[in-house]
Amino acid sequence: MGVNGVGRGHAIRSFRVCKKLLDLGIDIYISTYGDGYKTLKTLIGRDRSYHLLGLVGYNYVWSDRGLEWRRSISWGILNQQRLINHFRREIQLIKRISPNLVLSDSRLSTAFASYLLDIPYAIVANQLSVVSLSKILNIFIREGFDVLWGKPDKIFISDLPPPYTISYLNTVPLTWHKNNVEYVGLLLDYSEYEREPVPIYERDIDLLLLISAPRGDKERYFLRILNLIRMLKRLELKVVIIGINTPPRKFGNVELLGWVTNSLDVLSRSKIVMLRGGQTSILEAILTATPMLISPAPFQTEQEGNAVSVERLGIGMKVPYTHLLLNPEYVIKKIFHIYGSLEVLFDNILKVRKEMLRLKGINGIIEYVVGVKNGKY
């Protein structure tokens, strides 16, 4: 299994898949890098059932405004050797291990290496392309990604099917013409979450701030919203902050919980969650029926598109990043605007949640892998 190592999200969901497969007696090798490697190493601990293989990660350029994609891409082009080494290393690993099946969790080098080696492989992803503001450039970008993904036997999209898809622009244009695509939703076992969510007015947390971002951006983001946090301290709201690497502490009505092992437990207690616009975080909010306030990071077209989907579905609202940094009073007004619409947002999110629970979740991938092992595919 090749795992995208940018941030923690891919590593956490891949770990859930691997854990279930190991329980079924399937031997797994995991190839990743960067934050993904560190996260998996922590989750695995001393369990020798896992074979974790680490690669040198990519470097990304950050500024006070967030991830600088153009400079990061320029750096990547200048340092092609590391990109080539990832691809070469994946070829070496796949040849050496000779697996029955390769799973690529949003990892192009793993997918393309499997394609060239003619090894059966499947893709797990919440986006298959990136979006440019130029419509013409978008065509070339999508064609390029289509080539790099190769010809997988199966594509699992960890999102909702159209018209409920959150990362719509990043997936649907590349999947509508394919017959090997399955939308599986959030990579969890839904049987644990089939019970009705806690009614919105019975929840004890008024506002949850979810700090989710790659390591280079997370601390910067937290520091940039301190003015907003200071304003929230003066309100009669119970505010909880998770995701930032700090010891648990409390400042009046604001409580920092640090990094929690299961954010769903905290989400299910929250009336509103404020987040960046990551697709996995949005799906978790849908599962717990928690209305959202989305503030996409600058230059993150995926998050911008996700925020548009959230507003289109009537399950949350959007606040521009510039307002978040420079005009916290506007954000406070937006929070109270959501409070005035809680019942409507809650009803809408319950309808979308119902569609999610119809999907297979993590079990769709498990069934496929076991089917390959048993010669079904």
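The values are calculated or read from the model by the stated rules, or taken from the named source; none is laboratory data. Everything numeric in this text was worked out from a predicted model, so none of it was measured. When we count neighbours, we look across all protein chains shown, and the Cβ atoms used for this are built from the backbone with ideal geometry, even at glycine.
Picking from 121, 37, 60, which residue would you name as being over 25 Å from residue 298 (Cβ atoms), at pLDDT below 95 and either of a type in the set (Ser, Thr, Tyr) or buried (at least 18 other Cβ atoms within 10 Å of the Cβ) (or both)?
The conditions single out 37.
Return the residue satisfying two criteria in turn: it lies in region 101-113 and is at pLDDT below 95 and assigned to a loop (DSSP other than H, G, I, E, B), and of such residues it is farthest from residue 172 (Cα to Cα).
107
Are there any pairs with C-beta distances below 9 angstrom linking a residue in region 330-345 that is at positive phi and assigned by TED's automatic domain parsing to the domain that holds residue 232 to a residue that is among the acidic types (Asp, Glu) and outside any loop (DSSP other than H, G, I, E, B), with the two at least 6 apart or on different chains, and if so which?
none
Residue 327: polar (S, T, N, Q) and either over 17 Å from residue 348 (Cα atoms) or modelled with pLDDT under 90 (or both), yes or no?
yes
Pick from region 289-311 the residues that are modelled with pLDDT of 90 or more and part of a loop (DSSP other than H, G, I, E, B): which of them is farthest from residue 197 (Cα to Cα)?
Of everything passing the filter in region 289-311, 295 is farthest from residue 197 (Cα to Cα).
Give the residue that is farthest from the chain's Cα centre (by Cα), with candidates limited to residues of region 124-159 that are small (Gly, Ala, Ser) and modelled with pLDDT under 85.
Among residues in region 124-159 that are small (Gly, Ala, Ser) and modelled with pLDDT under 85, the one farthest from the chain's Cα centre (by Cα) is 134.
Being touching a residue at least 24 places away in the same chain (Cβ under 8 Å) and on the phi < 0 side of the Ramachandran plot: is that true of residue 357 here?
In short, yes.
Given the conditions (1) closer than 21 Å to residue 356 by Cβ; (2) surrounded by fewer than 16 Cβ atoms within 10 Å (Cβ to Cβ), report the number of the one that residue 137 does not fulfil.
(1)
Look through region 77-86, keep the residues that are touching a Phe, Trp or Tyr at 6+ places or on another chain (Cβ under 9 Å) and loosely packed, with under 15 Cβ neighbours inside 10 Å, and return whichever of them is modelled with the lowest pLDDT.
The residue in question is 79.
Return the residues of region 324-367 that are closer than 21 Å to residue 272 by Cβ and among the small types (Gly, Ala, Ser); say none if nothing qualifies.
340, 341
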